[in-house]
Amino acid sequence: MSNPNSASSADSVTPSQLPFAAPPATPPSASPQSASPVPTLPLITDEMLLNCMQCGFCLPHCPTYSLTKLERYSPRGRIQLTRALFEGRLSAPEHLADIADSINTCLGCLACQTACPAGVEYEKIFESAKTLVVQAPSLRSSWSLRLLSLAMRHLFMNPKRFKQASRLIAFSQRLPLERLLPKPLRRMYMLAPRFSPQFFDETYENPTPSSGESVLFLSGCIMNTAFADVHHDSVALLESVGLRVVVPKAQYCCGALHAHNGFLKEAKALARRNLHAFAGSEWIAVNSAGCGAMMKHYPDLFSPDEPEHAQALAFSKRVKDLSQILLARNFQPNRLTKKVTYQDACHLEHGQKLREEPRELLRRKFGNVLELNSPQCCGSAGIYNLLQPNFAEELLAEKVQAIERTGAELVVSANPGCLLQLQYGLRRAGSKVRAIHLATALRL
């Protein structure tokens, strides 16, 4: 089955018409977890998989279903296929390939989770399904999965190695490669961030201890090497409301890319390291929507009987988005007259349930925020735009048109992936609209 590229390629079908639809529910005496083809982390349970009522409230909110009208690309369709995979009833290579296509084309935007009246925990189902797909022996040989595995296990797990790779890419960006690369690689080259001349953690010096209030600050991975200016803007904003900003030196990548791409074991290892690095009672300031959502999600990576579970619960309550902290400290920016619109980062709006906070800050700065009237994901979704270019390009085209319709001079977002995607789309469309981070906008 091919990955469709347009909504006209198929009509809507019911869940029972799904290719390889799950049979009736497992009897209560059976244990789906024991039938699972590979072990998983404690994210998913049989009850969680059975909570979906198949009501369809999620369908209008799912970007891939909106594009295709195919159940296999809908949340409830993916839940059925995940259940069949989780219970070990679909394990033939040809079945796994089709299930992998369904699961891998999910953006993980969590719009369905917000819309669900039954409170289905789709994020946990999705991340567990991705892990099962990645670990399936018949799928491990693909070159794309091998490259992904290399990056997830050997670059993002090692800050020193990640910085070396960032410097290598930064050097290549100074060469006239764009015209020489084949089209698929040229697109990846254009989407890649322009790495900062000096990385944030190598230029920022922690303040000397004092009696003032402090926050710990996540420098992260890609934000640290490609968005150093955004980090410096964020620090300046936090200092302006009377906070000392401390950057723990032993911190690691948050693990979001790992969790969203089937590497939960690695995500758990990174979570464990960050629990140690950010030990204390201070708030943890995060200016990347995906990173903040992931760090608030750490308790789900540990079983209740693991000692880290209690630590992760306490840790998650300390994690605060930049917008939360600024509003809590009654931030009052200098006013500026510009037409501004705001793109909700999925993992801020749906992952952290923060929708009004960034808008309130922008209203304080610019007086008004032009609503985008385009609620769906921009198509970035971490590295989704690299792995699923067809869907990502369709979603981006819709988003750019929506931005242009607002008449805004600036489009603001609070996630690096969103910014890279929007900047790429606006640049390609010849638009004069600038895409900037919330911290940058508030510092104008």
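Numbers below:
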read-out	value
Assigned charges on the beta-carbon of Lys, Arg, Asp, Glu; segment 333-443 dipole about Cα centre (debye)	580 debye
Listed residue (SER380, VAL369, GLY417) projecting farthest to the positive dipole end of segment 333-443, Cβ model	VAL369
Segment 202-250 - charge dipole about Cα centre, Lys and Arg +1 at Cβ, Asp and Glu -1, debye rounded to 20	160 debye
Convex hull of the chain built on C-alpha atoms - directionally averaged projected area, nm²	21.4 nm²
The chain: angle of helix 389-406 to the longest principal axis, Cα-based, in degrees nearest 10	50 degrees
Kirkwood Rh and Cα Rg combined as Rg over Rh, evaluated for segment 259-387	1.03
Value at 222 nm in deg cm²/dmol, rounded to 500, when DSSP H runs of n ≥ 4 in the chain each add -39,500 (n - 2.57)	-13500 deg cm²/dmol
Cα lying deepest toward the dipole's positive end in the chain, options GLN401, HIS276, THR45, charges on Cβ	GLN401
Bins of 10 Å from zero: percent of alpha-carbon pairs in segment 53-118	23, 51, 24, 1
Neighbour-limited loop hits for trypsin sites (Lys or Arg not before Pro), segment 392-444 (at most 10 other Cβ within 10 Å; DSSP other than H, G, I, E, B)	LYS432
Surrounding net charge for THR45, when Lys and Arg each add one and Asp and Glu each subtract one, Cβ distance under 10 Å	-2
Net length gained if the chain between ARG153 and ALA192 were fully extended (0.36 nm per residue, minus Cα distance)	12.0 nm
Rg(Cα) / (2.2 N^0.38 Å) computed for segment 85-230, rounded to two decimals	1.40
Over 20 Å [Cα-Cα, segment 348-444], rounded percent	34 percent
For peptides 114-120, 373-379, sequence by mean Cβ density within 10 Å, most packed first	373-379, 114-120
Cross-link pairs LYS296/LYS339; LYS69/LYS130; LYS163/LYS365; LYS160/LYS432; LYS320/LYS365 - those with Cα-Cα distance over 26 Å	LYS296/LYS339; LYS163/LYS365; LYS160/LYS432
Charge dipole (the chain, unit charges on Cβ, about Cα centre) - positive-most of VAL215, PHE126, LEU96	VAL215
Trypsin sites (Lys or Arg not before Pro) restricted to segment 169-208 and DSSP loop, no more than 11 other C-beta within 10 Å	ARG174, ARG179
Calculated FRET value between GLU393 and SER211, using beta carbons and R₀ = 35 Å, to 0.05	0.10
Formal net charge of residues neighbouring ALA236 (Cβ-Cβ distance under 11 Å; K, R +1; D, E -1)	-2
The chain: angle of helix 416-428 to the longest principal axis, Cα-based, in degrees nearest 10	90 degrees
Cα centre as origin, Lys/Arg/Asp/Glu Cβ charges: the chain dipole, Debye	1320 debye
Three semi-axes of the equivalent ellipsoid, segment 143-331, Cα gyration tensor, whole Å, largest first	30, 23, 13
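Since every read-out is calculated from the coordinates, none of them should be taken as a lab result. What you are looking at is a predicted structure, and each value in this text was computed from that prediction instead of being measured. Cβ coordinates were reconstructed from backbone atoms using ideal geometry, including for glycine residues, and neighbour counts include every protein chain displayed.
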